[in-house]
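The values are calculated or read from the model by the stated rules, or taken from the named source; none is laboratory data. No experiment lies behind these values; they were computed from the predicted model shown. Neighbour counts are summed over all protein chains in view; Cβ atoms, including those assigned to glycine, are modelled from backbone coordinates with ideal geometry.
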Amino acid sequence: MTALITLTGVNKYYADYHALRDINLTINTGEFFSLLGPSGCGKTTLLRTIAGFESVSDGVVMIGGKDMADVPANLRPTNMVFQSYAIFPHLTVAENVAFGLRKSEDLDKPTKAKMVEEALTMVGLAGYGNRAAHALSGGQRQRVALARALILKPKVLLLDEPLSALDKKMREQMQVELIRLQRQVGITFILVTHDQEEALVMSDRIAVMFEGEIGQLADPETLYRRPNSRRVASFIGKMNFLDAEVKAVVEEIDVTVQGLGRLKISAEQAPEEVSVGPAVAGIRPETLGILFEGETTDRKLVDGVVDEVVYYGDMTYYDVRVDGVAQPLNIAMKNLIGRPVLDVGAKTRVIWDERSLVLLK
Amino acid sequence: MSLRIYAIAYLIFLYAPIVLLPIFAFNDATIIAFPLSGFTTDWFTELASNKSLHAAVKNSLFIALVSAVTSTILGVCAARAGAMHRFRFKAGIMGFIMLPLVLPEIIVAVSLLVVVVQILDLGLSNWTIIAAHVLICTPFCIAILNGAFQNLDPAMEEAAMDLGESRFSAFRLVTLPLVMPGIISSMLIAFTISLDEFIIAFFLSGSSPTMPVYIWGLLRFPASLPVVMALGTILVALSIVLLTIAELLRRRGLARAGVKDEGGFL
């Protein structure tokens, strides 16, 4: 793995608004990298500074070992798929895809035509070349935008919320296709998204951004299982937050968690700078369980009362009130054969395990 | 029902005088009155031989063409800036540019006359009229072009730049073709405004008058009125042809860009 893009101390100010705060980031060759965060967190600004559409107020952007400070967007080894796709409506599909080849004067016409057809085939639009671009559906526009960007074989493909305009089914299909495409061409993809599921499904690594800074940078599994802060934990998936108090930090961490009592967790379940004192513990809904009649468990149990039931078909989400816990615990249960859907007010027992606990900043 | 009658009456009131133009242009009498006395093409023949009228028409066409092109170029710059960029005092600046729209032309004419003759100490010529016409046409051009640019996705130019084009060629290859219908409309409107503008041209024309100023001069001689009618007929026919062409171009542009048709002139 070699570093392809390096951002060092990147800051961006708009008048008195601090859009990017001291971003330090390395993105590797061939990586599928995602910038994830709520709207206004600076993820699109960061992408645009890499593309060259925004200058940095401070700091260095390097691509392939070259400082990009004086390199305008049209000369950078990056290509972008825009959120609106920005398909040129006055051109045909083939003319759109061939647009970036205008500057390649060493290629003759038949070569260009062949490259266009190959690019269209790659995105599943073989034979669409002569269609008018404005007559395409949303999913097809997306594919044209991809073909148009990839035909130039950039070092980096930048994707600005490329799937947000598609419906759910189309989005899931395109996610899979994008992953396949990225493996096929081996180009570094940088995806901007506010959809945590999308980021988890597609990325090798994810940077979660809040208010212009990177909150956590990790692979999807680490990000989901070991979020380093409360805001990362609540942005990605669901998380129950419990007040806790760290009693001692030795090799393991001795902690009291409200409702669950005193327990020991391993050091990797807590942030590095953990210290004795009040803290917040997080536990995912699917790592908790309800002990149904006739089922047994060797895990720990705590009594509770069902407060709310949300039925999803394959899953049921319960809110269960547990003595000593301020907020009801959110618990996700698979609707396996023989499992009833409990009613509000039902007395129940909650299964939990300290291994799924994380301490948060 | 009564509303329909009103609408029809309104249209008749609006267009009947224009219908009178060709009728009297071909009428064999110097007095503009019914009954008609006979068919003639004499007035058109006279029109063809009137050298000073030709000079006036040529002046007007030249002024209108230069004003239309100049004010449309300025309009494109302003509308593009307004649609794609954020800058300080944007609302104020845009408002200031649009101000000539509501300024009485007589005021513009007199003040420009003072500026050109007294302060700048320049002679009056077609160019002074062009300067003034650009001033009054530009707000109209901006208003028309704003619509064209506002519909444009700002990412479009960025996409072209991202694909290797410079800022200017991105504009030329992507933005320009997409706003072309707006540009044609803008030039047409500016051309028409300039062509029939009288007050400013009257104040600022030098030795050779523009067409409206010349026609106004002709009115002192009732005998030449039918010639004016003949000229008017040609102008109306020309306008209809021009507008039709512009509208056809506009519709074709919209169809090519796949945008929903939202009005237009015809």
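Values for this structure:
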read-out: Failed item, numbered, when residue B:242 is tested on (1) at pLDDT 85 or above; (2) exposed (fewer than 15 other Cβ atoms within 10 Å of the Cβ); value: (1)
read-out: Filter result (part of a strand (DSSP E or B), of a type in the set (S, T, N, Q) and surrounded by 13 or more Cβ atoms within 10 Å (Cβ to Cβ)) within region A:220-277; value: A:240, A:256
read-out: Lone unmet requirement of (1) closer than 18 Å to residue A:77 by Cβ; (2) of a type in the set (Lys, Arg); (3) in contact with a helix residue (DSSP H, G or I) (Cβ under 8 Å, 6 or more places away or on another chain); (4) more than 12 Å from every other protein chain (Cβ to nearest Cβ) for residue A:155; value: (3)
read-out: Residue check, residue B:155 closer than 30 Å to residue A:47 by Cα, in contact with a Phe, Trp or Tyr (Cβ under 6 Å, 6 or more places away or on another chain) and small (Gly, Ala, Ser); value: yes
read-out: Residue that is of a type in the set (D, E, K, R) and closer than 26 Å to residue B:175 by Cα, where the choices are A:43, A:103, A:66; value: A:103
read-out: Where a residue in region A:275-298 is free of Cβ contacts under 8 Å to residues at least 40 places away in the same chain and its partner, wherever it lies, is assigned to a loop (DSSP other than H, G, I, E, B), with Cβ under 6 Å and at least six apart; value: none
read-out: Candidate set: region B:111-141, residues that are under 13 Å from the mean Cα position of the chain (by Cα) and among the β-branched types (Val, Ile, Thr); chosen: the one farthest from residue B:212 (Cα to Cα); value: B:138
read-out: Meets criteria (touching a helix residue (DSSP H, G or I) at 6+ places or on another chain (Cβ under 7 Å), touching a residue at least 60 places away in the same chain (Cβ under 8 Å), assigned to a helix (DSSP H, G or I) and surrounded by 14 or more Cβ atoms within 10 Å (Cβ to Cβ)) for residue B:74; value: yes
read-out: Boolean, residue B:148 is crowded, with 21+ Cβ neighbours inside 10 Å and either among the basic types (Lys, Arg) or more than 14 Å from every other protein chain (Cβ to nearest Cβ) (or both); value: no
read-out: Any hit, region B:158-169, residues being within 10 Å of another protein chain (Cβ to nearest Cβ), within 24 Å of residue A:101 (Cα to Cα), assigned to a helix (DSSP H, G or I) and hydroxyl-bearing (Ser, Thr, Tyr); value: yes
read-out: Scope region B:218-237; condition surrounded by fewer than 14 Cβ atoms within 10 Å (Cβ to Cβ) and modelled with pLDDT under 85; matching residues; value: B:219, B:220, B:221, B:222, B:223
read-out: Of all residues making up region A:44-76, the number that are hydrophobic (A, V, I, L, M, F, W, C), under 24 Å from residue A:151 (Cβ atoms) and away from chain B (no Cβ under 11 Å); value: 5
read-out: Selection count, region A:98-136, where residues are in a helix (DSSP H, G or I) and within 14 Å of chain B (Cβ to nearest Cβ); value: 13
read-out: Lone qualifier among A:56, A:60 - being over 23 Å from residue A:220 (Cα atoms), within 25 Å of the chain's Cα centre (by Cα) and surrounded by fewer than 16 Cβ atoms within 10 Å (Cβ to Cβ); value: A:60
read-out: The listed residue being surrounded by 14 or more Cβ atoms within 10 Å (Cβ to Cβ), of a type in the set (A, V, I, L, M, F, W, C) and on the phi < 0 side of the Ramachandran plot, out of A:280, A:310; value: A:280
read-out: Criterion violated by residue A:79 - all others in (1) more than 14 Å from chain B (Cβ to nearest Cβ); (2) closer than 16 Å to residue B:165 by Cα; (3) among the polar types (S, T, N, Q) satisfied; value: (1)
read-out: Residue A:86 vs. criteria modelled with pLDDT of 85 or more, within 14 Å of another protein chain (Cβ to nearest Cβ) and more than 13 Å from residue A:152 (Cα to Cα); value: yes
read-out: Considering residues of region B:181-205 that are part of a helix (DSSP H, G or I) and over 18 Å from residue B:70 (Cβ atoms) only, the residue nearest to the other protein chains (Cβ to nearest Cβ); value: B:181
